Every structure is written in C-alpha cells, then in structure tokens.
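Enquirer: Got a structure for you, written out below as structure tokens; questions coming shortly.
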Amino acid sequence: MSARITTATFRERKQANEKIAVLTAYDFPTARLLDESGIDAVLVGDSLGNVVLGYEDTLPVTMDDMLHHTRMVSRAVKHAMVIGDMPFLSYQISPEEALRNAGRLIAEGGAQSVKLEGSAEKFGPAIECIIRAGIPVMGHLGLTPQSVHQFGGYKVQGREEPDRRRLKEEALGLQAAGCFAMVLECIPADLAAEITGSLSIPTIGIGAGAGCDGQVLVFHDMLGWGKTRFTKTYADVRSMIGQACAEYVREVKGGEFPRAENTYK
Ligand code: KIV
C-alpha cells in the first residue's frame, strides 16, 4: 500500500487537475472497504447523527460520539486521509475549546485533519488556533447543516446575487485563514466552479456540480438509503439487505434454516 494521502497530496491533485474522491464512513468494516477501494479521504462526518444514530439532524451529535466513531475508522484506514468532523458547539464557543476538541479528534480519534462549518469571519480565530497547533483544517461552506434552523431547512444556498458574492468572499476568507481544502455543499454548479477557479486550495463538492476539484458523498446515500438530486445510487444495497433479512425470517419460520451443512455433527 502506498504512502498516506496528506494535505500536500490534496494540493498536488489540484495543481495537476486530478479529481479527489471522498466518502463518509463511521465504522471499521466500511472504512476498510473504502480504503481498499482507493478513496483519497474518509470523512467521519457528523452526518453520523442522521444516518447512523437516528437523529433528525446533526445538532445532537457530541464529541464523544465523534471520537467513538473516528477511532473505529482510524483503526481501519492505512492509506486515505481520515478527516474528523467537528460537531455542533465543539468549535463555536472559543478558539481554545476549538483547539482542545480538534486535538482530541487527532490524538484520541486518530484522524489526520478536522473539518468545521462556517466562514472565517465567524470562526477565523478558531481555525487559526487549530492550524497553529499543527492540525490541518478543512472548511465547509454553502448548506452547512449545523445551521439548518437559521436556513429554515435544507435549501440550496447562493442562488441570489448577494449570497453568491458572500460565498465567494467566504471561500477566499477560509483560504486566507489557512484551510487546506473546503467542502462546498448544495450551491449552484456555476458558482461552485467560479469559487473553485478563484482558489489555490481544492474544493470538494456535494450537490455543487462537476466543476469542483473533488466530490464527497454520504456512504449510505450512494447505497440506497438516501435519494436526493445530487446523490447517485451506485448499488441498491439497502434493498439487498432488506431482501436478505426477509428471506432469513422466512427460512427460520419455515424450518429451512439451519440445514445439515450449517450444523455441527
Ligand atoms: O457530515 C458530513 O457527512 C458532511 C458531508 C456531507 C460533507 O459534512
């Protein structure tokens, strides 16, 4: 297995115009499969809250939740970069708390970088404090799910001119604050392409079109659990698991399982 993907790899990919592929994972077996598939980075996203923990949104996810799942992923991943997502209220309160929590995702969780949502205008001091301690930070702009109540729902951002202008400025602000890359979520494709062209650091899009330097998808969304305009079902694993479970129930109830070959003599 080749060397670990680093922030330098991200920079080189952008310079060479090579796309960056990122997926989320929350557990050991999935993370191992992703690493073996040649993925560049595994994001332990706070989407954990929606897709694994059964919450309505990402807001109840705690540092303990993130640490628990980041550890599982880090134990499996040898090649890709592991990005630990900073949950709600882990970086908003003060730069000192942000650094302490980012440091925990690295030291206890085994991640190589962290991601947080929002502009440098709001979180520049926290971002700079984390980076000064030697921890790479990925930014996240556009539809930032931790602000769902402020947005009034999960809506495409940056459709109107003032918002487009603001997002372009925010992207430059995150770059100036030292982020090594940023997620652009649910913004019009032409805006994402314009932002991507204005930056020397890579953009990783989700619902932001093909003009980004890379793409990220939530693992469960690509396997049939979530269907939105910007996801693609690469394999309907959800249906396959559902059918397998129903067949198991039918065979147990019908006395067809276990058979002789499944039984010790
Ligand atoms: O939490 C997450 O999975 C994310 C991605 C959707 C970018 O932030």
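Readers should treat all values here as calculations from the given coordinates under stated rules, not as data from a laboratory. Bear in mind that the values here come from a model prediction, so they are computed numbers and not experimental data. Glycine gets a Cβ as well: all are built from the backbone with ideal geometry, and neighbour counts include every protein chain shown.
Enquirer: Peptides 49-61, 128-140, 149-161: what's the order by average Cβ count within 10 Å, highest mean first? List each step's numbers first, then the result.
Expert: Numbers: 49-61: 16.8, 128-140: 20.8, 149-161: 12.4.
Order by mean packing, descending: 128-140, 49-61, 149-161.
Enquirer: Sequence-distant or interchain residues sharing an amide H contact under 5 Å with Gly207, placed H: which?
Expert: Cys186
Enquirer: For Ala177, what charge total do you get from the other residues with a beta carbon under 13 Å from its beta carbon, if Lys and Arg give +1 and Asp and Glu give -1? Mind dumping the intermediate values first?
Expert: Numbers: positive: Lys122, Arg132; negative: Glu121, Glu128, Glu169, Glu170.
It works out to a net charge of -2.
Enquirer: Here's another thing I want to ask about it. How much net charge surrounds Ala76 when only the other residues with a Cβ under 11 Å from the Cβ of Ala76 are counted, with Lys and Arg +1 and Asp and Glu -1? Walk me through the numbers on the way to the answer.
Expert: Working: positive: Arg32, Arg71, Arg75, Lys78; negative: Asp27, Asp35, Glu36.
That sum, taken over residues with Cβ under 11 Å, equals +1.
Enquirer: Could you go through region 147-153 in sequence order and give the Karplus-derived ³J(HN,Hα) for each residue, using 6.51 cos²θ - 1.76 cosθ + 1.60 with θ = phi - 60°, rounded to whole Hz, and x for Gly and Pro?
Expert: Rounded to whole hertz, the list is 9, 3, 6, 5, 6, x, x.
Enquirer: OK, next. Which ordering of Ile39, Ile241 is given by a fewest-first count of other beta-carbon atoms within 10 Å?
Expert: Least crowded to most crowded, the residues run Ile241, Ile39.
Enquirer: Please rank Met63, Met81, fewest neighbouring Cβ atoms within 10 Å first, as an exposure proxy.
Expert: Values: Met63 21, Met81 25.
Fewest-to-most ranking of Met63, Met81: Met63, Met81.
Enquirer: Sorting Lys19, Lys253 on the 10 Å Cβ count, fewest up front, what's the list? Don't skip to the end; give the middle numbers.
Expert: Numbers: Lys19 14, Lys253 9.
Going from least to most buried by this count: Lys253, Lys19.
Enquirer: Once you've got the Cα coordinates, tell me which of Lys155/Lys232; Lys78/Lys155; Lys78/Lys168; Lys78/Lys122; Lys122/Lys232; Lys227/Lys253 are over 29 Å apart. Could you put the intermediate results ahead of the total?
Expert: Numbers: Lys155/Lys232 19 Å; Lys78/Lys155 36 Å; Lys78/Lys168 35 Å; Lys78/Lys122 34 Å; Lys122/Lys232 33 Å; Lys227/Lys253 33 Å.
Those over the limit are Lys78/Lys155; Lys78/Lys168; Lys78/Lys122; Lys122/Lys232; Lys227/Lys253.
Enquirer: Above 27 angstrom, tally the Cα pairs of the chain and express them as a % of all pairs, no decimals. Don't skip to the answer; put the middle values down first.
Expert: Working: 13394 of 34980 pairs.
That tail contains 38 percent of the Cα-Cα pairs.
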